[in-house]
Structure formats: C-alpha cells, structure tokens
Amino acid sequence: MTPYQWQTWGAGTGEFTKYSRLAGRRFNGGTIDGAIPISLTDVARGQTLIVNGTTVTATLTPSQDDLAAASYYFLGGHNYTISDTQAQVLINAGYGDWVTPV
C-alpha cells in the first residue's frame, strides 16, 4: 500500500493547507487538539512513490514526465504486489512500514 497524508483542502485557494476547512475558513485548534472531528476536515491523500534506481521520491502530484523517466513507480492510493527487490528498495528508503509480506 502506498503511503498517504491527512490533508485538508481550502476551497478556492488552489493548494493544500493544514489550516483550512473544506469551506476555506480557518478552524480553531486544528485537527489534532481541536473540537472539529477529523472526518469533517481531512481527507487521506495517497502519495505516489517514484523510484529511480535506489532513490525513492514521494509526491502528491506526479507529472507524466517524472513517471516516464522513472525506473518504476507506485501511484498513490493503490495496493501493489511487488517483487522482493522492489520491496527491499522501499524498505531501504524508509518505507518499510508500508510493505507487507504476502
């Protein structure tokens, strides 16, 4: 499974921000210690993992050029069955928590 981030989307701002609600307004206290339930403000966004050799780069917005130039990639929000070699590259890059033996 690819990693994900909990993020909010500020309506009309054109960018992710942890300080805006879906309505685009600031909320009091944030999602960690505030009174607003996480389900009302945050959405899980899958991160794409782009692998070039043994270098792994995580991104929320992969470009077609980056994907075409990659050795291989894993699009965010999906489960993959991967080889032992690919798994070792991800583990070495610090993504071992997202690798599950089958």
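The values are calculated or read from the model by the stated rules, or taken from the named source; none is laboratory data. All of these numbers come straight from a predicted model, not from anything done at the bench. Here the Cβ is made from the backbone with ideal geometry for all residues, glycine too, and neighbour counts use every protein chain on show.
Okay, residues lined up against (1) surrounded by 12 or more Cβ atoms within 10 Å (Cβ to Cβ); (2) in contact (Cβ under 8 Å) with a residue 24 or more places away in the chain; (3) in a loop (DSSP other than H, G, I, E, B); (4) of a type in the set (S, T, N, Q):
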site: Ile50; (1), (2), (3), (4): yes, no, no, no
site: Ala58; (1), (2), (3), (4): yes, yes, no, no
site: Asp65; (1), (2), (3), (4): no, no, no, no
site: Asn79; (1), (2), (3), (4): no, yes, yes, yes
site: Ile82; (1), (2), (3), (4): yes, no, yes, no
site: Ala87; (1), (2), (3), (4): yes, no, no, no
site: Ala93; (1), (2), (3), (4): yes, yes, no, no
site: Pro101; (1), (2), (3), (4): no, no, yes, no
If you go through region 55-62 one residue at a time, do you hit one that is modelled with pLDDT of 95 or more and over 13 Å from Pro3 (Cα atoms)? yes
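Working only within region 68-86, note down all residues that are under 21 Å from Gln5 (Cα atoms) and modelled with pLDDT of 95 or more. Even if it seems obvious, please write down each step before you answer.
Step one: filter region 68-86 for residues under 21 Å from Gln5 (Cα atoms), giving 73-80.
Listed by number, the residues that qualify are Tyr73, Phe74.
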